1. Cβ under 12 Å from Gln171's Cβ, Gln171 left aside: what net charge do those residues give with Lys, Arg +1 and Asp, Glu -1?
2. To the nearest 500 deg cm²/dmol, what mean residue ellipticity at 222 nm is calculated for the chain from DSSP H runs of n ≥ 4 alone, each contributing -39,500 (n - 2.57), summed and divided by the residues?
3. Anything over 21 Å Cα to Cα? Flag those among Lys271/Lys297; Lys186/Lys250; Lys271/Lys342; Lys81/Lys140; Lys250/Lys297, in the order listed.
4. Under 5 Å between amide hydrogens, which residues at least 5 positions from Gly158 or on another chain qualify, with H placed 1.01 Å from N in the peptide plane?
5. Quick one, could you list the DSSP H helices from the chain stretching 18 Å or more along their long axis (Cα atoms) with average Kyte-Doolittle hydropathy of 1.0 or above?
6. I'd like the carbon and sulfur percentage of the solvent accessible area for the chain, probe radius 1.4 Å, heavy atoms only, ligands and nucleic acids excluded.
7. What distance in nm separates the two pseudo spin-label positions at Ala40 and Ile183, each 7 Å out from Cα along the beta-carbon direction?
8. Taking every DSSP beta bridge with both residues inside the chain, roughly what % is antiparallel (nearest 5)?
Amino acid sequence: MQANAKHYESLGRLRSVLVLVFVLTGIWYLNWRLSTLTGAHPLFSITLYAAEIYGFISSLLNVFTSWRLTLRDPPPAPQGKSVDVFIPTYNEPVDLVRRTVIAAKSMTYPHETWLLDDGNRPEMRELAERMGVRYLAREKNLHAKAGNLNNALQHSHGEFVAIFDADHAPQKNFLDRTLGYFINDKVAFVQTPQDFFNHDSYMHRLKESKRLVWSEQSYFFSIILRGRDYWNAAFFCGSCGIMRRSALEKIGGFATETVTEDIHTSVRLHKAGYQSVYHCESLAYGIAPVTAEPFLKQRIRWGQGNMQVLMKENILFTFKLTIAQKLNYLASIMTWFDGWQKAIFYLTPVIVLFTGILPINTGLVELLLHVFPYYFLGFLVFEEVSRGYGATLFIEQYNFIRFAAYIQSTFALFVGKLKFHVTPKVRDHTAAASKKLWPAQGVFLLSAAAIPFSIASYLNGS
């Protein structure tokens, strides 16, 4: 089935009109802003303007990605297919891995479960023997998770390979709900949402009644991947997915050159002409990062991997990807530069209040008449395009916490080899766990101090 032949949920006429108005308003606003650049402080003025241009481009890419969302009804799973289920582990607790092994072994479609122990631990070998699943370890964990998976490919023979992180327990019908898509010989992999059962994690927001409101990844798995699926640009997320062995073999296995083997392998599969499927149904549940420290470490690794993929795969200029695929991958990679934009927006008021330097040369009334319609329309467009999953207030809170982590991840553009770090699954109560929050805390304190300082300066006539 071709990408443009899928059933989909359209943005709709009213939302489309709103988007058109926003685009026209954005062009009008940015054209006006160009006339407000100040020659007295050009670096400050141009930097802020560049951040606004970046934001407008990001908004356009977001609209493009989310314009049409696929509606998938999986075909029945074909009978008689051979499936290997891989559970890679390194240092996760035995009880955690046991739960995943039990769930994987219990899936109804015939399969063989493999425990891939990169920690080479006796307790994992004992667990595998007790659970009646295959055990595979290696002396050297070269290339981390990707190397572990490639090693398993060499020792197994299933036509399809399902992959679950050590904390992600699949439901019994996972294979029944995903294997049917492979009747199309061009489909290389099927990805499902990564959902979580610990709703008290750092990623989740709850009401007083303890009823789930929103997850930090809700928008990505409910909207973004469905939109990318329409353009045959959904990517493997490292877990809760199933892949065609022959497709992996054609590209030389899982990509080992970056710390995000998932999106890197996806790019190579798309370059090889394969199709991807995103099945938007939660069929496995894992453990989300419980504190800020593992949450931010995970984002840094993801961002670093995206920078490496950008450098190694020539995404924008290759002839092996469609224009739509290029734009979708570009949108994914650009996300990690958001930290720079947010830092500029956070620090601009601080600089203005402490120094009195203005980056915009215009009057207050004229400023408000231009700023308000543009940013208000931007807010409305995001809320409408996100179909209820956007939660702007929550997203901005997470943006504030993670902006420095995103900035840190972009430095991978200038770094060679990086080490793969497994996301901790237990709560860290040490003092070190708060270090990655220092940038956000610093911006907050500077902002809090700038307000009374500027008031005092105004009253003193300085």
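The values are calculated or read from the model by the stated rules, or taken from the named source; none is laboratory data. Since this is a predicted model, take the numbers as computed values, not measurements. Because the Cβ atoms are built from the backbone with ideal geometry, glycine has one as well, and the counts that use them run over all protein chains shown. Side chains included, ligands, DNA and RNA excluded: accessible areas come from the protein's heavy atoms. Shrake-Rupley method; radii C 1.70, N 1.55, O 1.52, S 1.80 Å.
1. Working: positive: Lys172, Arg177; negative: Asp176, Asp195, Glu281.
So the environment of Gln171 carries a net charge of -1.
2. Numbers: 15 runs with 224 residues, N = 462.
The per-residue figure over the chain is -16000 deg cm²/dmol.
3. Working: Lys271/Lys297 29 Å; Lys186/Lys250 12 Å; Lys271/Lys342 33 Å; Lys81/Lys140 32 Å; Lys250/Lys297 32 Å.
From the list (Lys271/Lys297; Lys186/Lys250; Lys271/Lys342; Lys81/Lys140; Lys250/Lys297), the Cα-Cα distance tops 21 Å for Lys271/Lys297; Lys271/Lys342; Lys81/Lys140; Lys250/Lys297.
4. Here Asp84 satisfy the definition.
5. On the way: long enough: 13-34 (32 Å, 1.13); 42-66 (36 Å, 1.15); 292-313 (31 Å, -0.75); 338-355 (25 Å, 0.88); 364-385 (31 Å, 1.48); 392-410 (25 Å, 0.32); 438-459 (32 Å, 1.25).
Span-like helices here: 13-34, 42-66, 364-385, 438-459.
6. Working: 13360 of 21520 Å².
Exposed carbon and sulfur together represent 62 percent of the surface.
7. Going from the Ala40 label point to the Ile183 one covers 7.1 nm.
8. Details: 16 of 36 bridges.
Bridges in the chain that DSSP calls antiparallel: roughly 45 percent.
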